[in-house]
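*Asks:* I'd like to ask some things about the structure below.
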């Protein structure tokens, strides 16, 4: 199983934007990147009325839509646990989650002063880095919001090449 790191932060802190910038930097270095986006609410990626939606609505436990360049799967799954999702990422070099702030995985917090007043992971033993526009010091490596290459260097050294 590849290593898992979680990008965490409060709502509107910039987690998705950071991940969007980090993916191409790690891909350019030749790594396979898996992403798990934690949703705290129920979601549906299948559109009502489409054949795959109709199959699922009819009772199929798993539906895969396959095209020449991609697959998408909708599967009944009774756990959002990272341990139950690991099997889908065995061919990746690293898995990055957005969210899972309560899980016991290495965390990189994104914190912007304009979005929030308090850090999320001030007392979290699993915090391994901070990405921020402030001078906050939590005794972990700190990166500016634009220092994507340096953050990728850190991830590569500590988690991919370890």
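*Asks:* Please give the helix 15-28 orientation as an angle from the longest Cα principal axis of the chain, in degrees from 0 to 90, rounded to the nearest 10.
*Replies:* Tilt of helix 15-28: around 90 degrees.
*Asks:* Over the residues of the chain, compute the C-alpha Rg and express it relative to 2.2 N^0.38 Å. Intermediate values should be presented prior to the final figure.
*Replies:* Details: Rg = 17.5 Å, N = 162, 2.2 N^0.38 = 15.2 Å.
Normalised Cα radius of gyration, the chain: 1.15.
*Asks:* With a point put 7 Å past each Cα toward its Cβ, work out how far residue 126 is from residue 144 in nm, to one decimal.
*Replies:* Here the modelled spin labels are 3.1 nm apart.
*Asks:* At 0.36 nm per residue, and after removing the present C-alpha to C-alpha distance, how many nm does the segment from residue 58 to residue 161 gain when stretched out fully?
*Replies:* Details: separation 103, 0.36 × 103 = 37.08 nm, distance 4.56 nm.
That works out to 32.5 nm of additional length.
*Asks:* Continuing with the same structure: Nearest-5 percent of antiparallel DSSP beta bridges in the chain?
*Replies:* Numbers: 5 of 24 bridges.
Around 20 percent antiparallel, to the nearest 5.
*Asks:* Let me ask something else about it. Taking 0.36 nm per intervening residue step and subtracting the Cα-Cα distance, what contour gain separates residue 113 from residue 1 on full extension?
*Replies:* On the way: separation 112, 0.36 × 112 = 40.32 nm, distance 3.55 nm.
Taking residue 113 through residue 1 to full extension adds about 36.8 nm, to one decimal.
*Asks:* Could you tell me the relative contact order of the chain? Use alpha-carbon pairs under 8 Å, at least six residues apart, and round to a whole percent.
*Replies:* Working: 225 pairs, mean separation 55.2, N = 162.
Relative contact order for the chain comes out at 34 percent.
*Asks:* Given the DSSP H assignment, sum -39500 (n - 2.57) over each helix run of at least 4 residues in the chain and divide by its residue total; what's the result at 222 nm in deg cm²/dmol, nearest 500?
*Replies:* On the way: 4 runs with 33 residues, N = 162.
Helix-only estimate at 222 nm: -5500 deg cm²/dmol.
Every read-out reported here was derived from the displayed coordinates using simple, explicitly stated rules and does not represent laboratory data. Treat the numbers as computed from the prediction; the structure is a model and nothing was measured. Neighbour counts are summed over all protein chains in view; Cβ atoms, including those assigned to glycine, are modelled from backbone coordinates with ideal geometry.
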